Amino acid sequence: MTLGPLMVDVLGLELSEQERDILRHPLVGGVILFSRNYESPEQVAALTASIRALREPHLIISVDHEGGRVQRFRTGFTRLPPIGSLGKHYKQHPQQTLEYAEKTGWLMAAELRAVGVDFSFAPVLDLDYGVSEIIGDRAFHRDPEAVASMAYAYIQGMKRAWMPAVGKHFPGHGAVEVDSHLGLPVDSRHFEDMIKADILPFSRLCKTELAGIMPAHIVYEQCDSLPAGFSPYWIKEILRDRLGFQGAVLSDDLSMEGAAIMGNSLERAEAALDAGCDMVLVCNKPESVIQVIDGLKVKDDALRHMRLVRLHGRHGMEREELFASEEWKEAANMILEYAPDPERTLI
């Protein structure tokens, strides 16, 4: 059975019978988990096991687990600082910061792989211009070269934990004030300015390091009238043809206000897939999932399936073995060195 182009969510700590039926549908290819799906490491491991058991190849299981404000699983997991904490050290201690980044990426990925999650939507490759309501310290740095260097190191850590990297939000979310969860941001910069700045980390990493990329729900009005996640210009012409990206393109959540310009949930899904997305996220509105499943007409696509299968994690370590390892202890203690937090303790 091939992996379908829809990534959906579930409501609680375990699957309902209706959710099992939905996840078996051939249009579905993945599941994204949220804080409401988490009670403990043991519970979420049971949840991911039940999801994997439904299909072969198993559905992709994802989560947003960057650290700081965006970490869905907390109790029983290392409390990760925002990756902007790394950027604060980079200018004075670049080599040490790259070592921190690599170990932080490994720690994030290893703990998630130990409970059956395939990947986190990470790293954030946006630049911190100091204006975005939603990005801020979720970005490594303002300088694109620094972002590319730290993200590369972070991804090497993820790879050591057998987790694929999915960079976001192409071609860059950091220069607009509006949060695309709440409205449609418009960026007025020219492409020539963006290729030297926001796009640079994506161009550096997309050919060899990123298995997936998430485009932004932002209109870059000097380039195209459509938000990037619905734009053949951005996905096919720039990301695929000019930058040479061969991995999976996954939309941001189609339920966000930044996607509303494209119509109802079905129309949004159709537009994103037509633009070149391999998988679209439909989250936080169960009725929208049903609407899309009932109305979406797509054919099996062997190339899309191959791109999505690459998002499966490999070789997850058992939690007991992970936490007994010297590498985990070193990484968890290291975080306290570069981002001291009196409320953070080791597990």
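Please work out which option in (1) 29, 26, 17; (2) 37, 28, 18; (3) 31, 27, 18 gives semi-axes √(5λ) of the Cα gyration tensor in Å calculated from these coordinates, and answer with its label.
Structure-derived value, by its label: (1).
Just name one of Ile335, Gly295, Val282: the one whose Cα is farthest towards the positive end of the charge dipole of the chain (beta-carbon charges, Lys/Arg +1, Asp/Glu -1).
Ile335
Work out the charge dipole of the range 6-338 with +1 on the Cβ of Lys and Arg and -1 on the Cβ of Asp and Glu about the Cα centre, then indicate which of Gln96, Val44, Ala260 is farthest towards its positive end.
Gln96
HN-Hα J couplings of the range 115-122 from phi, Karplus 6.51/-1.76/1.60, θ = phi - 60°, integer Hz, Gly and Pro as x?
10, x, 7, 6, 7, 9, 6, 7
Across the chain, how many lysine pairs, 8 or more positions apart or on different chains, have C-alpha atoms separated by under 18 Å? Please give the number.
10
Only counting other Cβ atoms within 10 Å, I'd like Val124, Val219 sorted with the fewest neighbours first.
The order, fewest Cβ neighbours first, is Val219, Val124.
Could you work out how far apart the two model spin labels at Gln222 and Asn333 are, taking each label as a point 7 Å from the Cα in the direction of the beta carbon, and quote it in nm?
Here the modelled spin labels are 5.0 nm apart.
Within the range 37-55, what residues put their amide N at less than 16 Å from the label point 7 Å along the Cα-to-Cβ vector of Leu11?
Hits in the range 37-55 for Leu11 at 16 Å: 37-38.
Scan around Ile61 for amide H atoms under 5 Å from its own, H built in the peptide plane at 1.01 Å from N, and keep only partners 5 or more places away or cross-chain.
Here Val31, Asp118, Phe119 satisfy the definition.
What residues qualify as long-range amide H neighbours of His169, i.e. H under 5 Å apart, gap of 5 or more or another chain, H built at 1.01 Å from N?
The answer is Leu125, Asp126.
For the chain, modelled as a GNM with alpha-carbon contacts under 10 angstrom, which of Ile195, Ile61, Ile235 fluctuates the most?
Ile195
For Asp187, enumerate residues with amide H under 5 Å from its amide H, sequence gap 5+ or separate chain, H modeled in the peptide plane.
Those qualifying (amide H under 5 Å, at least 5 residues apart or on another chain) are Val219, Tyr220, Glu221.
Assuming 0.36 nm per residue, please report the length gained on full extension of the stretch Arg24 to Gln96 beyond their Cα-Cα distance.
21.3 nm
No value in this document is a laboratory result; all are computed from the given coordinates. From a predicted model like this one, the values you see are computed outputs, not experimental measurements. With ideal geometry, Cβ positions are generated from the backbone for all residues, glycine too; neighbour counts draw on all protein chains shown.
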